[in-house]
Amino acid sequence: MENKKISCAAVQQIKDICQSHGNDAGELINILHETQNAFGYLPKDVQALVAKCLGIPATRVNGVVSFYAFFTEKPKGKYPISVCRGTACYVRGSDKVLEEVKKVLGIEVGQTTPDGVFSLTVCVA
């Protein structure tokens, strides 16, 4: 959906989600959760439409999306892979695991394989 027009059906679905929450800006996180569940991710054009429906600046919506790790602006693969990068994991060799996963999949952290099957992230636990 990024850099593309949103279909009429998708526009209506987003409007319906916002309306089901009373077009209340206080429900932004719930609206974003529901919207991401419907579309898989929250590209800028979807964020802008949510902002318009709620009567708030798009920058506010983007601030929430970029702040919380459970929201994403990029599509994730069918099978998301997350490698721990916390201290305890690192001393046990997670850096080697991460390098091998990147090598096997041919992608970097934050990317999705071209076929859309796997996406790779890291977490700090």
Any hit, segment 33-45, residues being closer than 23 Å to K5 by Cα, surrounded by 12 or more Cβ atoms within 10 Å (Cβ to Cβ), touching a residue at least 12 places away in the same chain (Cβ under 8 Å) and basic (K, R): yes
Only one of P75, P80 that is more than 27 Å from K5 (Cβ to Cβ), at pLDDT below 95 and either surrounded by fewer than 17 Cβ atoms within 10 Å (Cβ to Cβ) or not basic (K, R) (or both): P80
Among residues of segment 30-59, those that are hydrophobic (A, V, I, L, M, F, W, C) and over 13 Å from the mean Cα position of the chain (by Cα), counted: 9
Criterion (more than 15 Å from Q36 (Cα to Cα), modelled with pLDDT under 95 and among the hydrophobic types (A, V, I, L, M, F, W, C)) met by exactly one of V97, V109: V109
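The values are calculated or read from the model by the stated rules, or taken from the named source; none is laboratory data. Remember, predicted model here, so these are calculated numbers, not experimental data. Glycine gets a Cβ as well: all are built from the backbone with ideal geometry, and neighbour counts include every protein chain shown.
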